[in-house]
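Derivation of every value follows stated rules applied to the coordinates shown; laboratory data play no part. This structure is a prediction, so every number in the text was calculated from the model and none was measured. Don't worry about glycine lacking a Cβ; one is built from the backbone with ideal geometry, like all the others, and counts go over all protein chains shown.
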Amino acid sequence: MPYARRLILPAVFGLACAVAAAAPSHSQERSNWLDRCEGQNGRNRVTLCLEKEMTLPAARGKLVVNARPNGGITVTGANRRDVRMVARIQAHARREGDAREILEAVEVRTDGEIRATGPRTRDNEGWSVSFVLEVPRSSDLGLSSTNGGISVEGVEGDMDLATTNGGLTLAAVAGAVRGRTTNGGVTVELDGSSWQGTGLDVQTTNGGVRLRVPERYNARLETGTVNGGLSFDFPVTVQGRMSRHRTTDLGSGGPPIRVVTTNGGVTVQRK
């Protein structure tokens, strides 16, 4: 039998919150994620899925989300004073009973940081939790994962973003933003006419970089690669010798925008 459902539960930020499964009401909307998750069942593997929704007071200081070991993080800025979070939980095993037991043992906690804890699993078993959050547009963030991507859109603040196996996607962000990944691509979409804040510094080791820049944008741009191609779809003035590493002033210059990779191509485009 399928086991994909949505749970809405209020929680208080800063207090331990271990949430248990409950039957959904007919008024709760089924998400597309649950439909996709439910479709992962195979001949030798049963996948069970659950969403848990919480509303939390805005964090005092940095909002810390830890999706380790397996899970991604998506954060969107909104006109709100609190934090809306949906935890997307998956568990898999060879038998449905074992998968259900794993799923019900996973706890989503908010004591100091948002994170999930779960049981130890055997071969061909596992669990993961990804977090989807709406936060105030002005928010400081500390986001980390091991196996999962990180995406932030429409947020201004002090941000530290780090994952090992997963991509970084940033759109219309501002402030002091630092991002690192080892195995994953980087996509950055700038907004407005210049960077608002002290700057952007994002890098990957193994993955391509795609940077989209508005017309008439003003910034001190640094980008490049060691092993890969470098492509601009608009003319730039190169400072220093020609290489796969470029530093240039866009427009009248401005705060530094640094987006680099070691192994992968770099594409810089006008929006």
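Relative contact order for the chain: what is it in percent, counting Cα pairs under 8 Å that are at least 6 residues apart? List each step's numbers first, then the result.
Working: 791 pairs, mean separation 38.5, N = 271.
Computed value for the chain: 14 percent relative contact order.
Using a Gaussian network for the chain with springs between C-alpha atoms less than 10 Å apart, which of these wobbles most: Arg43, Arg68, Arg210?
Arg43
Quote to one decimal, in nm, the extra length available between Asn79 and Arg244 on full extension: 0.36 nm per residue of separation minus the C-alpha distance between them. Working shown, then result.
Numbers: separation 165, 0.36 × 165 = 59.40 nm, distance 4.07 nm.
This chain segment gains 55.3 nm when fully extended.
Provide, in order from the shortest bin, the percent of all Cα-Cα pairs of the stretch 34-124 in each 5 Å bin, continuing until the bin that contains the maximum pair distance.
The percentages, shortest bin first, are 3, 11, 22, 22, 17, 11, 8, 5, 2, 0.
What is the fewest-to-most order of Val202, Val236 by other Cβ atoms lying within 10 Å of their Cβ?
Val236, Val202
Please arrange Val268, Val155 by how many other C-beta atoms lie within 10 Å of their C-beta, fewest to most.
Starting with the residue having the fewest Cβ neighbours, the order is Val268, Val155.
With springs only between Cα atoms under 10 Å apart, run a GNM on the chain and tell me which of Asp158, Asp35, Asp140 wobbles the most.
Asp35
Considering just Cα atoms, how many Å³ per residue does the convex hull of the chain enclose? Working shown, then result.
On the way: hull volume 37.7 nm³, N = 271.
Taking the convex hull of the Cα positions in the chain, it is 139 Å³ per residue.
Given the options Pro235, Pro69, Pro214, which has the most mean-square fluctuation in a GNM of the chain, springs set between C-alpha atoms less than 10 angstrom apart?
Highest fluctuation of the listed residues: Pro235.
Using only Cα atoms, find the angle between the long axis of helix 96-105 and the longest principal axis of the chain, and express it within 0 to 90 degrees, rounded to the nearest 10.
With both axes taken from Cα atoms, the answer is about 70 degrees.
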